[in-house]
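Throughout, read-outs are computed from the coordinates displayed, never taken from laboratory work. From a predicted model like this one, the values you see are computed outputs, not experimental measurements. Here the Cβ is made from the backbone with ideal geometry for all residues, glycine too, and neighbour counts use every protein chain on show.
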Amino acid sequence: MKKVMVVFGTRPEAIKMCPVVLALKKRKKLDVVVCVSGQHREMLSQVLDVFGVVPDYNLDIMKEKQDLFHITSEILLRFKDVLQKEKPDLILVHGDTSTTFVSALSAFYLQIPVGHVEAGLRTNDIYSPFPEEFNRRGVSIISRLNFAPTKLSRENLLKENVDPKTIFVTGNTAIDALKVTVKKDFDSDYLRWVGDSKLILLTAHRRENLGKPLENIFEAVNELTRRYPDIKVLYPVHMNPLIRETAAKVFKDNKQIKLIDPLEPISFHNLISKSFFVMTDSGGIQEEAPSLNKPVLVLREVTERPEGVDGGTLKLVGTNKDSILEAACDLMENRNGIFDKMSSAENPYGDGFASERIAEIVENELYR
Ligand code: UD1
Ligand code: UDP
């Protein structure tokens, strides 16, 4: 029996890899082992619980205010032991986190083949997002199977001379996850807090936004609530203490803004679908919002998800206070029909069967 080890460590990887784990486990000729790095702790276990995935290994590396050196060195050393014990025929990694890059590197050192889910996203700016653009490019150098979510991500890989025979366009597994989480009868106390107001969902966590950019974003949101007394902003704050401190300081006691702990994905995905629009610097939310028909103001200077911008759901607004405010006011007022356009755009990220495709390809390739 061929053995596949699925490796992930943060919330977004878990949301997009759990559907892959479940699809792999349905294949008859595969032995599936799950190893989590524990780069995230609470935010990871929230996701595992929702999908009912129980890891075989947890490297448990997280420490408060960890830096890239800690994450990298701890995973590299601890994962080596797991790989040497399990000797998988293939490891599957996802996306662009440090867990992704370092686990792929460990496998490379032991000459174990790597498959990369969500391969080929690029901003072509090595410092933005940081360090993710490097992480995903690094994995593309060594991966033997590349699961590109869209045709554009396939083209990005071809430009870097990745062998076309190793690239499979599958759709993004984020859409598969939504099939599990989004429910017609969803209810929540947060919706009662929102009442008849319009709900704006906010998230922010990118390393390159820490400090001044984050303050700009929060000040723009504060000003937005002053201009529109009929909006309520729900902000599940990332557990990073640096972000929590800034959020508490800038939002103080603004009654229109509720700061809450990170939500498990069922609540979060359903709250996206109940929102008026979303403001975020997240990657994954840029993939989810188009299929939930919600406009997204992307709080970043560049995005590796231009499909959503071209498709009309996403607007790249950067981290300047005035630009953010202006874009948000445009949506509030539906200037030039912008709200209507952004909330009726098409989802470019696939049909929700990416995980099944990936599992089938993995099985076929391992027995070829
Ligand atoms: C990581 C990824 C980023 C991804 C993000 C998703 C890297 C370098 N960055 O960034 O690509 O977009 O995850 O959220 O891989 N913390 C907790 N509990 C948790 C999770 C985090 O307390 O469950 C705190 C810790 O203090 C930690 C800090 O958050 O030091 C930051 O976490 P870390 O994984 O280093 O970076 P992220 O910004 O989450
Ligand atoms: N998400 C969640 N709970 C929250 C905020 C986000 O479940 O409180 C989900 C979101 O729907 C998406 C993923 O987490 O699937 C995105 O994670 P994040 O923004 O942390 O990372 P990124 O996608 O930017 O790497």
For I200, list long-range residues whose amide hydrogen, built 1.01 Å from N in the peptide plane, is under 5 Å from its own amide hydrogen. K232, V233, L234, F276
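Exposed loop sites here are chymotrypsin sites (Phe, Trp or Tyr not before Pro) in DSSP loop states with at most 14 other C-beta atoms within 10 Å. What is the longest stretch of the chain lacking them? Each step should come with its number before you reach the end.
On the way: sites that count: Y127, Y367.
Longest stretch, sites excluded: 128-366.
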Rounded to whole angstroms and listed largest first, the alpha-carbon spread of the stretch 1-74 along its three principal axes comes to 42, 25, 16
Using Cα atoms only, what is the angle between the long axis of helix 98-109 and the major principal axis of the chain, expressed in degrees (0 to 90) to the nearest 10? 10 degrees
With a point put 7 Å past each Cα toward its Cβ, work out how far K252 is from E333 in nm, to one decimal. 2.8 nm
For Q46, net neighbour charge (Lys/Arg +1, Asp/Glu -1) across residues whose Cβ lies under 14 Å away: -3
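Taking the convex hull of the Cα atoms, report for the stretch 40-117 its projected area averaged over all directions, in nm². Each step should come with its number before you reach the end.
Working: hull surface 21.4 nm².
Answer in nm², one decimal: 5.3.
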Electrostatic dipole magnitude of the stretch 75-201 [Cβ: Lys, Arg +1; Asp, Glu -1; Cα centre; debye, to 20]: 260 debye
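Report D for the stretch 1-147 in µm² per second (integer): Stokes-Einstein, Kirkwood Rh on Cα pairs, 4 °C, 1.567 mPa s.
Numbers: Rh = 15.1 Å.
So the translational diffusion coefficient is about 86 µm²/s.
Report the Stokes-Einstein translational diffusion coefficient (µm² s⁻¹, integer) for the chain, Rh taken as the Kirkwood radius over Cα pairs, at 20 °C with viscosity 1.002 mPa s.
103 µm²/s
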Here the stretch 197-212 yields Karplus 3J(HN,Hα) values (6.51, -1.76, 1.60; θ = phi - 60°; whole Hz; Gly and Pro given as x) of 6, 8, 8, 10, 9, 10, 9, 7, 7, 4, 4, 6, 9, 4, x, 4
What are the principal axis extents of the Cα atoms in the stretch 313-368, in Å, biggest first? 56, 24, 11
Convert each backbone phi in the stretch 352-368 into a coupling constant with the Karplus relation 6.51 cos²θ - 1.76 cosθ + 1.60 (shift: θ = phi - 60°), then list the ³J(HN,Hα) values in order as whole Hz, x for Gly and Pro. x, 10, 4, 4, 4, 4, 4, 4, 5, 5, 4, 4, 4, 5, 6, 9, 5
Once both axes come from the Cα atoms, what is the angle between helix 11-25 and the longest principal axis of the chain, in degrees from 0 to 90, rounded to 10? 40 degrees
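Which of rounded, prolate, oblate describes the stretch 142-223, given a ≥ b ≥ c as roots of the alpha-carbon gyration tensor eigenvalues and a/c under 1.5 marking rounded, otherwise prolate only if a/b is larger than b/c? Display every interim value, and only then the final one.
On the way: a/c = 3.96, a/b = 1.63, b/c = 2.43.
Taking the square roots of the gyration eigenvalues as a ≥ b ≥ c, the stretch 142-223 is oblate.
In debye to the nearest 20, how big a dipole does the chain give about its Cα centre with +1 on each Lys and Arg Cβ and -1 on each Asp and Glu Cβ? The partial results should precede the final answer.
Values: 50 positive and 52 negative charges, 109 e Å.
Result for the chain is approximately 520 debye, rounded to the nearest 20.
At 222 nm, what value in deg cm²/dmol follows for the chain if DSSP H runs of at least 4 each add -39500 (n - 2.57) and the sum is divided by all its residues, to the nearest 500? Display every interim value, and only then the final one.
Working: 16 runs with 173 residues, N = 368.
So the helix-based figure for the chain works out to -14000 deg cm²/dmol.
How big is D, in µm² s⁻¹, for the stretch 68-208 by Stokes-Einstein at 25 °C and 0.890 mPa s if Rh is the Kirkwood radius over C-alpha pairs?
On the way: Rh = 17.2 Å.
Answer, rounded: 143 µm²/s.
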Cα centroid separation, the stretch 72-101 to the stretch 180-246 (Å): 34 Å
